[in-house]
Amino acid sequence: MQDRHALVTGAGSGIGAAVALALAQQGCRLTLAGRSHGKLQQQAEALRTQVPDLAVVLAPMDITDPLAVQGAVQLAQSQLGPVNILVNNAGQARSQPFVRTDAALWQQMLDVNLSGTFHVTQAVLPGMQDAAASGTPGRIVNIASTAGLMGYAYVSAYVAAKHGVVGLTRALALEMARKNITVNALCPGYTDTEIVQDAVRNIVAKTGQTEAQARQSLAARNPQQRLVQPLEVAHSVVWLCAPGSEAINGQAIAIDGGEQAG
Ligand code: NAP
C-alpha cells in the first residue's frame, strides 16, 4: 500500500493507534487526527520508532466541528496529497439508562459517532474520488460496533448512533460502487481500550463488583470469553484496504469472537 495517504481519526489511542501503526507498516503516508495534539504527537513519535521513514502529519480536529474538519483535511492534503484511505474511528461511548438519557447526551453521541463520520467523509471524498478516477483506489472503513448491529441496554444513544454509521456505510457504498471506492464498517465487540476501562469503572461504581469481575462480565459477552484486541481490528482494516478486497463493499463485519452468531 505504498503511495497511499491514509487518514485515521482517533489515532492517538486504542483502536485508532493500532490502525495507524498497521497502515504505517504497510507503507502508507499517514495523517493522524484527534482532538488532543499531545496524544497525536506522542503517537507520531511512537510510530517513527517502528517505521523510521514514515511520512506523518498531525491533524488536530474536533470531528463534530465541520469547519475545523475541512481546514485540517485541507492542510493534510496539501502536505500528503489526496486521502486514499479514510478510517473513521474516533468515537465516544457514554452509558445511561434511557429515562436518564437527556437531550445533551443523546446529541453528543450522535454528533461524535455519526455526524463526525459524516463531516470527515465529506471533507475527504472529493479528493478521494479524483484520485480513484485516476487509478488509485479509495477505501473508507468506518469503525462502528456490534452496537451498530444489535441493541445493548443502557447505551441507547450510542447504539442509535452506531446503527446510523452502519446505515451510512451501506448507502455510501452503493453511491461509490462504480467509482473505484469501497465503503465498509467494522463492528468490534468489547475491545481492550480506554472505552472499556471507562465501562469497567462505571460498573465498579454502580454495582460494587471488583475491577476483575467487571472486566470478566464484559469479556463474557464474547463466546471466546475475552476482550477483542485493538490489533485484531487493525488487521481487518489492512485487509479491507489491501489489493484483492475490491469486491467487499457495503459490509458491516463483526469482530466479536462470535457474539453476533448467537
Ligand atoms: P479510545 O481509545 O477512547 O479512542 C477514541 C478516540 O476518539 C480517541 O483517540 C479520541 O481522541 C477520539 N475522539 C473522541 N472524540 C472526538 C472528537 N469529538 N473529535 C475527534 N476525535 C475524537 O477508544 P477506542 O475503543 O479505541 O474507540 C475507537 C472506536 O472504536 C470508537 O468509535 C468506538 O466507538 C469503537 N468501538 C470501541 C469498542 C470498545 O469496546 N473499545 C467496541 C466497539 C467499537 P481525543 O480524545 O484526542 O479526541
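The values are calculated or read from the model by the stated rules, or taken from the named source; none is laboratory data. Predicted model only: the values in this text are computed from it and were never measured. Every residue, glycine among them, receives a Cβ derived from its backbone with ideal geometry; neighbour counts consider all protein chains shown. All accessible areas refer to the heavy atoms of the entire protein, side chains included, with ligands and DNA or RNA removed. Shrake-Rupley method; radii C 1.70, N 1.55, O 1.52, S 1.80 Å.
Observations
- Per the conditions (1) within 12 Å of the ligand (Cβ to nearest atom); (2) more than 20 Å from the chain's Cα centre (by Cα), the sole criterion not satisfied by LYS162 is (2).
- Taken over the range 22-52, the criterion of being open to solvent by 20 Å² or more (accessible area, probe 1.4 Å) and either touching a Leu at 6+ places or on another chain (Cβ under 6 Å) or within 20 Å of ASP62 (Cβ to Cβ) (or both) is satisfied by ARG29, ARG35, SER36, HIS37, GLY38, LYS39, GLN41, GLN42, GLN43, ARG48.
- Pick from the range 215-247, criterion more than 19 Å from SER145 (Cβ to Cβ) and among the aliphatic types (A, V, I, L, M), ranking: farthest from the chain's Cα centre (by Cα): ALA247
- If the condition is being of a type outside the set (Val, Ile, Thr), open to solvent by 30 Å² or more (accessible area, probe 1.4 Å) and within 21 Å of the chain's Cα centre (by Cα), then the range 178-198 contributes TYR190, ASP192, GLU194, GLN197, ASP198.
Residue-by-condition table, conditions (1) in the same structural domain as LEU114 (by TED's automatic domain parsing); (2) within 15 Å of the ligand (Cβ to nearest atom); (3) of a type in the set (Val, Ile, Thr); (4) free of Cβ contacts under 8 Å to residues at least 60 places away in the same chain:
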| position | (1), (2), (3), (4) |
| --- | --- |
| ILE15 | yes, yes, yes, no |
| GLN25 | yes, no, no, yes |
| ARG29 | yes, no, no, yes |
| GLY34 | yes, yes, no, yes |
| HIS37 | yes, yes, no, yes |
| PRO52 | yes, no, no, yes |
| LEU58 | yes, yes, no, yes |
| GLN79 | yes, no, no, yes |
| ASN89 | yes, yes, no, no |
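- Just one of the numbered conditions (1) assigned by TED's automatic domain parsing to the domain that holds ALA132; (2) assigned to a loop (DSSP other than H, G, I, E, B) is not true of LEU168: (2).
- For beta carbons closer than 8 Å, sequence separation of 6+ or different chains, a first residue in the range 93-111 that is outside the structural domain of GLY14 (by TED's automatic domain parsing) and a second that is within 16 Å of the ligand (Cβ to nearest atom), there are no qualifying pairs.
- Residue within the range 204-218 that is closer than 20 Å to ASN88 by Cα and near the ligand (Cβ under 10 Å from one of its atoms) present: no
- Condition check for ARG178: over 20 Å from VAL165 (Cα atoms) and more than 14 Å from the ligand (Cβ to nearest atom): yes
- With respect to the conditions (1) more than 8 Å from the ligand (Cβ to nearest atom); (2) surrounded by 20 or more Cβ atoms within 10 Å (Cβ to Cβ), SER145 lacks only one, and its number is (1).
- Members of the range 112-124 found to be open to solvent by 20 Å² or more (accessible area, probe 1.4 Å) and either in contact (Cβ under 8 Å) with a residue 60 or more places away in the chain or not hydroxyl-bearing (Ser, Thr, Tyr) (or both), listed by number: LEU114, PHE118, HIS119, GLN122
- Output for the range 229-248, where each listed residue is assigned to a helix (DSSP H, G or I), farther than 17 Å from MET176 by Cα and not charged (D, E, K, R): PRO230, LEU231, VAL233, ALA234, HIS235, SER236, VAL237, VAL238, TRP239
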